[in-house]
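J.: Please find one structure pasted underneath; my questions will follow.
The values are calculated or read from the model by the stated rules, or taken from the named source; none is laboratory data. Worth saying up front: this structure is predicted, and the values here are computed from it rather than measured. Here the Cβ positions follow ideal geometry from the backbone for every residue, glycine too, while neighbour counts run over all protein chains shown.
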Amino acid sequence: MENRFIRAEDVAAELEVSKPYAYKIIRQLNEELRKKGFLTIAGRVNRQYFEERFYGKSREGCQ
């Protein structure tokens, strides 16, 4: 089973960016989630939200 949260190391690898930049992306996504009323965890972001923001929908539909 895949973890519900994605960490900076995984974001960096997925997007081929540096780890500091991955943290910046996570902070931005978490801020968006907080504005929608969700609780967040520093250094991690909900995997489904990450995939929706970067790939449009869930990656299951992508080829």
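J.: Yes or no: residue 24 modelled with pLDDT of 95 or more, surrounded by fewer than 10 Cβ atoms within 10 Å (Cβ to Cβ) and not aromatic (Phe, Trp, Tyr)?
T.: no
J.: Anything in the range 42-63 that is of a type in the set (Lys, Arg) and either modelled with pLDDT under 90 or assigned to a helix (DSSP H, G or I) (or both)? List them, or say none.
T.: Those that are of a type in the set (Lys, Arg) and either modelled with pLDDT under 90 or assigned to a helix (DSSP H, G or I) (or both): 47, 53, 57, 59.
J.: Taking residue 39 and the conditions (1) surrounded by 11 or more Cβ atoms within 10 Å (Cβ to Cβ); (2) outside any helix (DSSP H, G or I), which numbered condition does it fall short on, given that it satisfies the others?
T.: So the condition that residue 39 fails would be (1).
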